[in-house]
Amino acid sequence: MSASQRIVFCAFTLTHSRAFCLRRSSTSSLRCYLPLARARSLTFTSSVSPIMSYNQRRGGHSQQLWKQKPVTDMPSSEVEGVSSSGAEAVTNGISGLSIAENDRQSSVPSTGFGSFQLPNQSPTQGQKAIWKPKSYGTVSGQTSAEVGNLPADDTATAIKGNASEMTTAQKGRMDLSKLFRGNLLENFTVDNSTYSLAEVRATFYPKFENEKSDQEIRMRMVEVVSNGLAAVEVTLKHSGSLFMYAGHKGGAYAKNSFGNVYTAVGVFVLGRMLREAWGAQALKKQVEFNDFLEKNRMCISMELVTAVLGDHGQRPREDYAVVTAVTELGNGKPKFYSTPEIIAFCRKWRLPTNHVWLFSTRKSVTSFFAAYDALCEEGTATSVCKALDDVADISVPGSKDHIQVQGEILEGLVARIVSHECSQHMEEVLRDYPPPPVEGAGLDLGPSLREICAANRSDEKQQIKALLQSVGSPFCPDHSDWFGVEAGGTHSRNADRSVLTKFLNAHPADLSTTKLQEMIRLMRDKRFPAAFKIYHNFHKLDSVSNDNLFYKMVIHVHSDSVFRRYQKEMRHRPGLWPLYRGFFVDINLFKANKERDAEIARNNNLEKTVSGNGGVSGTDGLANEDENLMIKLKFLTYK
């Protein structure tokens, strides 16, 4: 190319810098492909054109036209046909879009027109002639899949799906705008008409710190069993983490948190185990199970054992969970099921249970402690389970064999005092509830937990999304606990600390609220090292108003010494509720009119009459300090 030709070429390039050009390999000419390939010209106002020249942006008021360069290598009839069909497709694609003057932050997603591939148009020589504009504004939500990459039959479906996502995102923004508008909390004042309602949403057993030595506890256990006052229950200690589930609306919780990868993994594992158990009936049973938990306000607690969340010395062979507690939350003090009741509940719903041994005589409980002493340094899951089977009065194998799912290395055993009638109750349950079948063992359940996490290992947020999408809608109809703020831009799910102050200063709407207020006041007055974390409750967005606010509270105890100090306070205050592990509470702050105020007063008086001693229950014939006798017996690997 001569010098004069190069000068002309450069001038041509500068003049047409707005066009997107592709060089065809077969010719030396340049062909400019428009943002909407071979379609009719589109006209944009100067304020939203991101590629106009500097002088035009400063003072230009004329409209910017995108013009199609003449195509010389196609017959005129083909050009007209493509142009006609292209115009119709473009019209359909952008009919709902409105680009306003001076609107620099367009909410139009790229699939609105940027990735649109016209029907009957084949890319030249295998190349995709798809214009992908650079993003200059804030596009709400995630960029959708390119329609241009879809088959022609799927294009309309993709556009409809994208429109649905836009509608959902817009609704989320409207709801969040309602929540944060005018700072509702700041304008919510506490007066004589202000009430607070607190409901326990998920919880695990209270943590009782024994003040006696391990040897003293063992001697006391042998004594109460010898006197016929109680039995000793022993379970395997699986090496995992606490996971709690309260239904598809109640939520999923870890020990001191929710809405993270731990709870997403827990939901996935729980859903997968139900699919394995029920096979073809799984979807129906998952819906029934979630409805049952919601209707009866129940929470199940599990020991979650996985390789993706870390292990305690031995990588588990499988990812699984075993149910360790079933709790009726009701509208008052949580009620925990006994072990026979847990086994009956789990066998009804085909949930995994732990290995349990009962020792109800002096001989059997003494033999148990002797067996542990002999095996504590070299014992494995096989030898320990066999030894306990030989000396126990009742042995109930777990539905998850520790050897098969975790391995031979055993973390430990948990021994605790239970009612003497537990043995009889257990025999009845084993007779009435035989082990359920496993109907989905041979089915293809899709990618496993480890496969999903490995495929998304670089992005934890994407891991969570993949897990929740895989488990399906019966467990996760919405993801607001994990991504409730996505549609709301920069808004945080954390709420202001003043929520706690207003909760404590408001009138309690029922007895359980009174008890929770009493517990929190005590912990604050005594300066116990604990945090009361407050979050917005995105499940209640539709109910939020100036006089009706909803929050979630997590009670996070920072030191085990708090439980011991709290127990001392309970001895002086018999009606004080226990301090639970894994403690999550839903809070509602509201204003009441005179009629509702009178109704609340009547209900409170009735609750006080019915509850009597505040709902404290115990094992008949045992002193309070013996009711909660518990000991953890670890093996050498974990000592």
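The values are calculated or read from the model by the stated rules, or taken from the named source; none is laboratory data. Keep in mind that this is a model prediction, so the values were computed, not measured. Backbone-built Cβ (ideal geometry, glycine too); neighbour counts: all protein chains shown.
Brief remarks follow.
- Any hit, segment 413-420, residues being closer than 27 Å to Thr263 by Cα and either surrounded by fewer than 13 Cβ atoms within 10 Å (Cβ to Cβ) or not aromatic (Phe, Trp, Tyr) (or both): yes
- Scan segment 426-447 for residues that are of a type in the set (Val, Ile, Thr) and at pLDDT below 95 and the total you get is 1.
- Of everything in segment 297-321 that is of a type in the set (Asp, Glu) and surrounded by 18 or more Cβ atoms within 10 Å (Cβ to Cβ), the residue that is farthest from Tyr580 (Cα to Cα) is Asp319.
- Segment 459-470 residues that are over 16 Å from Ala252 (Cα atoms), paired with ones that are basic (Lys, Arg) and outside any helix (DSSP H, G or I) (beta carbon under 9 Å, 6 or more apart): Gln463/Arg457
- Some residue of segment 418-428 being closer than 30 Å to Glu216 by Cβ and part of a loop (DSSP other than H, G, I, E, B): yes
- There is at least one residue in segment 549-563 that is over 21 Å from His507 (Cβ atoms), in contact with an Asp or Glu (Cβ under 9 Å, 6 or more places away or on another chain) and loosely packed, with under 14 Cβ neighbours inside 10 Å.
- Hey, Glu209 at pLDDT below 95, touching a Phe, Trp or Tyr at 6+ places or on another chain (Cβ under 6 Å) and more than 18 Å from Ser338 (Cα to Cα) or not: yes
Conditions tested, residue by residue: (1) closer than 22 Å to His402 by Cβ; (2) of a type in the set (Ser, Thr, Tyr); (3) surrounded by 18 or more Cβ atoms within 10 Å (Cβ to Cβ).
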| position | (1), (2), (3) |
| --- | --- |
| Val323 | yes, no, yes |
| Val326 | yes, no, yes |
| Thr339 | yes, yes, yes |
| Ile343 | yes, no, yes |
| Arg362 | no, no, no |
| Ala371 | yes, no, yes |
| Glu377 | yes, no, no |
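- Subset tally (residues that are more than 28 Å from Leu304 (Cβ to Cβ) and either in contact with a helix residue (DSSP H, G or I) (Cβ under 9 Å, 6 or more places away or on another chain) or crowded, with 19+ Cβ neighbours inside 10 Å (or both)) for segment 195-216: 5
- Residue within segment 497-507 that is touching a Lys or Arg at 6+ places or on another chain (Cβ under 8 Å) and outside any helix (DSSP H, G or I) present: no
- Residue tally, condition at pLDDT 95 or above, in contact with a Ser or Thr (Cβ under 7 Å, 6 or more places away or on another chain) and not small (Gly, Ala, Ser), over segment 320-333: 4
- Set Ala325, Ala371: member being more than 30 Å from Glu288 (Cα to Cα), among the aliphatic types (A, V, I, L, M) and either in a strand (DSSP E or B) or over 30 Å from the mean Cα position of the chain (by Cα) (or both): Ala371
- Ser239 being of a type in the set (S, T, N, Q), more than 25 Å from His402 (Cα to Cα) and either in a strand (DSSP E or B) or not assigned by TED's automatic domain parsing to the domain that holds His507 (or both): no
- Being crowded, with 19+ Cβ neighbours inside 10 Å, modelled with pLDDT under 90 and among the small types (Gly, Ala, Ser) is a condition met by at least one residue of segment 492-507.
- Filtering segment 270-314 to residues that are closer than 16 Å to Val405 by Cβ and either charged (D, E, K, R) or without any contact (Cβ under 8 Å) to a residue 40 or more places away in the chain (or both) leaves Arg272, Glu276, Glu303, Asp311.
- When the residues of segment 390-412 are filtered to those that are out of contact with any Ser or Thr (no Cβ under 8 Å at 6 or more places or on another chain) and in a helix (DSSP H, G or I), the one that is surrounded by the most Cβ atoms within 10 Å (Cβ to Cβ) is His402.
- In this structure, Ala387 does satisfy being surrounded by 18 or more Cβ atoms within 10 Å (Cβ to Cβ), without any contact (Cβ under 8 Å) to a residue 24 or more places away in the chain and either part of a helix (DSSP H, G or I) or not aromatic (Phe, Trp, Tyr) (or both).
- Selection count, segment 571-590, where residues are crowded, with 19+ Cβ neighbours inside 10 Å and outside any loop (DSSP other than H, G, I, E, B): 9
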